[in-house]
Each structure stands twice: as C-alpha cells, then as structure tokens.
Amino acid sequence: MADQSSPTGPAIEEAAVQEFKANQLGEVIDPGHPEYDSARRVWNGMIDKRPALIARCAGVADVINAVNFARTRNLLVAVRCGGHHPAGFGVCDGGLVIDLRPMKGMRVDPIKRTAHAQGGLFWREFDREAAAFGLATPGGNVSDTGIGGLTTGGGIGHISRKYGLTCDNLLSADVITADGKFLTASPQQNEDLFWGLRGGGGNFGIVTSFEYQLHPVTRVLRGWVGYFLDQAKAYLKFLREYVKTVPDGLGLSIFFVTPQPGSYLPPSVHGKIIMAAVVCFTGPTDEGERVLKPLRTFGSPACDTVGPAPYLVLQGSVDPLMQASLSYEKSVYLKELSDDAIEVMVDRAAAMTSPWSHLHFVLMGGAISRVAEDETAFRYRQAAYDCYILPHWKNPEESDQHIEWARTTWSALQPFSAGGGYLNRHQSEDESEVPRVYGEAKYGRLVAVKNKYDPTNLFRVNHNIKPTVGESGSRS
C-alpha cells in the first residue's frame, strides 16, 4: 500500500502506519478499509471530510499512542464521540481522527450518586445506566449526542434549571493532554484545567473519562402543548409573564416546528407549522399538574401530549426532529422575550424554508443562573433564553436557501442578543466570534490554560482558543 497522504497534511510513511496499527489495540481504519466511508461520516451530512487515518480507540493507552503519533508527525487531529456538532468537529481532512466510540465503560455508585463514564458514550447509553438506579444528570436532549462534546461545551438539558448545566455536575475528568500525559482534573488537581473543561470545549485535551454528580430522577411530567401560528404571538406574551412564577423543576423549550409523520405529535398537526411548548417537570406529579395548568389551558391548544413518563422516554422525545441529514445551526442568547423579539421570531418561523427545520428557544435561569460567573468557563448564565436556529433538509441542491434562512434569522435576532451564542449548537464563519462569546477576561483565562496544556494547538478542530506560545500556536 502506498504512503498515506492528504490535501491538507503531510504524507505518512507506510512503515509508520503499520507500526501505529500494531501498537493500537483498537482498529485503525485507512481509506482502503471497507468501513472507511461509514467511519468518517458524522451526523451532519453537509460534512464530507476524508481523514488519512481513523483510530478506533479501545482504551486510554490507545488514546495516548494516537496523540503521540499525531504530534510527532504534525498531523491534524479531530476527536470523535457522537460526531453531533453541526460544524463536523468529529472529523478532519488529511489528519487523524481519534475515535472514542468503542470506549463505553460506565460505573454508577448509587450510594454517592456519582457515575464514572468513558468518553465514547452517547447520552442514551449514559441515561440508561443511570436510570437503572433511579438517577440522572442533566444531559443531551438528542439521544445520540456524545457525552464529551456536550459536557465540555456546557450542556443544557431538560433538567438543567433544577440541577444545573452538565458541566456544573462534572466532579472530575481524566484527560490526555497534547504531550501525551494522563492527568486528572478536579477541584483538587489541575484546577485550571478543570475550570477550562467546563465550557471551553475540546481545546485542552481528550477526556477519556468523566465523573458526574447524579440526582434522583425517575418519572417526570413531560409532553408537548402545541398551538397554530395565529396564536403564537399572544401565547409568547403570556409565556413571558408565566415563567416569572414557575419553580426550578420546570424545564421549558418553545419549538416552532412542522411535525412530520413518525413524530410524537398527532396527525392533526402534521405538515403544519406549530409553536409547541415542550415541558419537563421534575418533582411530584400533582405539583407539576398545578404548575403546568396555565400553560395547557391558554387559548385553544392544537395538541397536548403532557403526561407522566420515565425520564428515559423524555430524553428521546426530540429525536424525530433530526430526521433530515443536512444541517446548519446558529445560536443566540436572548436578554428577554420582548414584543419586538416575539414579532421577529414568529415572522422568521413562518418563513422557514424546509419542513424539517425548526426554530426554538430554551428557558434558562434556575440552577443555571446560581453558579458564579467565574466558577466555570461557560458564559451567559444570566441570559433569559438560549435560542437555536436549525434548518434541516434532505436535498443538497437546496442548501443555499436554507443556510440563508438561518443566517438571516440569526441577524434579525441580534438586537435582542445578550452578546453571544451557545457554541455547542453554533456554526461560525468568523474566527473573532469565539473571543467575543467568552468575553475579554474569560477568554484571556482560557488562553492561559491553552498555553499550558496545548501550546502548539494540536487540538484545534473545534471552536478554537488559540495559544499565544509555541511554534505552531498561530496555525488555523
């Protein structure tokens, strides 16, 4: 076989490739492998990148070996778990993909209410193990999202208002740094790294294991309360006042969506744009019924699926919205739900260019806002809402119009922005946007962590925090 080469990286000698494969317990996939195309595919079908090698890591030793191999050969590195980021950070052209998906070990301590989880787990796998003990931690709302990217980017879930962000429930992390060292980051060890991992993304190393705080969650009161667009503006104005009175146990998202067959919503709303309150109440059912009554009795709902259900059922309820394979996503934190913001949101929802697209916003506050701003790298804890703009479509020839809808909608919401967006759900074409999202003080602190743990910017296939030291620190 000829040497591996790429359009963006150096050629890798065949002898080096064979030695690398021999030293990996897990499989190493190259472009000649029959599974190469499936292994390089990520969730967003817009992404079509061709790595030189994909290392399916069986354990920590494989990750260390892969990091050392990439560093010594100046290879571009992408780290893969769920592969769910819309920008396709789980794959790269010409470099090495370090694929954690075979690493799915998890151990729950039901007495301490903690879990040790390897970095290759999806949220559906994590949730299932924790649920066996009647426990949960705030996690991804789409079940095949990887725990790693979501946690290091912050992690906003259905029960975050009650128990905080995913990163707020991180107790420690085992990390392989750019020099191939194994470190544990916690409030007692490598505290600066622990701070950066909670909101700074994958900039500082590869987390091979996470330790989480768990909480007692078994059944919740959950469901969708949907309205047709002619009631949307009045409902949102009602909602603006309603949320001022609700307890932390209520998780709430508002979706503008066109339900399709196969969704959890009744056929009467299929193919029509509706605005739906997606609710999750964690606590006694009778209290939840009381709290949700105003939400469910406003006007004339087009549908109401609210009822008690296991937490696991809730966690898969948004999956049907992800049927289309092509995607482009933007995010903006909102200061408030003003009349003008409502007008823009409803008008832009009515202008959606694909039946698989959706525009939605998540109620923040509660436990999210009670964590001190400087305690983690995550920013915008005081924002009222986190708004997502998510066009999804199936025909590649239609891409331009759907992306234009997203960008136009994002721009129209900027006058109401708290200053940034949630990077876990955001695609950016502007490198200066990352420093702006974190703010000057927090970004400076993140750069200091980057300088210490990844001075040559080995881990740069992400929303990159560029180091200011190291010979390769300025590489893009």
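The values are calculated or read from the model by the stated rules, or taken from the named source; none is laboratory data. Quick caveat: nothing in here was measured; it's all calculated off a predicted structure. Here the Cβ positions follow ideal geometry from the backbone for every residue, glycine too, while neighbour counts run over all protein chains shown. The area values use the complete protein model at the heavy-atom level, side chains included, leaving out ligands, DNA and RNA. Shrake-Rupley method; radii C 1.70, N 1.55, O 1.52, S 1.80 Å.
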- prompt: Within the set K181/K450; K49/K330; K233/K293; K335/K452, which residue pairs have Cα atoms separated by over 26 Å?
  reply: K335/K452
query: Taking only protein heavy atoms and a 1.4 Å probe, what accessible area per residue, in Å², does the range 1-97 have with all protein chains in place?
result: 42 Å²
task: At 0.36 nm per residue, minus the direct Cα-Cα distance, what do H270 and D319 gain on full extension? Give it in nm, one decimal, please.
output: 16.0 nm
message: Could you check the spin-label model distance between K181 and A132? Points 7 Å from the Cα along Cα→Cβ, value in nm.
response: 3.6 nm
query: Within the chain, which is the longest segment containing none of the GluC sites (Glu not before Pro) that sit in a DSSP loop and have at most 13 other Cβ atoms within 10 Å?
result: 36-335
statement: Sorted by chain and number, the residues with a modelled amide H under 5 Å from that of V142, at a separation of 5 or more or across chains, are none
- request: Write out the chymotrypsin sites (Phe, Trp or Tyr not before Pro) in the range 77-142 meeting two conditions: DSSP loop, and at most 16 other Cβ atoms within 10 Å of their Cβ.
  value: F133
field: Under Karplus coefficients 6.51, -1.76 and 1.60, residue-wise ³J(HN,Hα) of the range 383-390 in Hz, glycine/proline x
entry: 5, 6, 9, 10, 9, 10, 10, 10
query: Taking K237 as the anchor, which aspartates and glutamates have their alpha carbon closer than 16 Å to its alpha carbon, excluding any fewer than eight residues away along the same chain?
result: E336, D339, D340, E343, D347
task: Mind checking the full-extension length gain between T285 and N395? Use 0.36 nm per residue of separation minus the Cα-Cα distance, one decimal, nm.
output: 35.3 nm
message: Under 11 Å from a point placed 7 Å out from the Cα of A309 along the Cα-to-Cβ direction: which residues of the range 219-243 have their backbone N that close?
response: 220-225
statement: Whole-Hz Karplus couplings 3J(HN,Hα) for the range 75-88, θ = phi - 60° and coefficients 6.51, -1.76, 1.60, Gly and Pro as x, run 8, 5, 10, 10, 10, 10, 10, x, x, 9, 5, x, 7, x
message: Using only the alpha-carbon atoms, how far is helix 60-72 inclined from the longest principal axis of the chain? Give it as 0 to 90 degrees, nearest 10.
response: 70 degrees
- prompt: Calculated FRET efficiency, E336 and D48, Cβ-Cβ r, R0 45 Å, to nearest 0.05?
  reply: 0.65
message: Residue by residue through the range 94-106, what is 3J(HN,Hα) from phi via Karplus (6.51 cos²θ - 1.76 cosθ + 1.60, θ = phi - 60°)? Round to whole Hz and write x for glycine and proline.
response: x, x, 10, 8, 9, 9, 8, 4, x, 8, 10, x, 8
- request: Give the angle, between 0 and 90 degrees and rounded to the nearest 10, that separates the Cα long axis of helix 232-242 from the longest principal axis of the Cα atoms of the chain.
  value: 90 degrees
message: At 1.4 Å probe size, with the rest of the protein present, what percent of the exposed accessible area of the range 55-127 is carbon and sulfur atoms?
response: 53 percent
task: Round to the nearest 0.05 the FRET efficiency obtained for A372 and A58 when R0 = 41 Å and r is the Cβ-Cβ distance.
output: 0.55
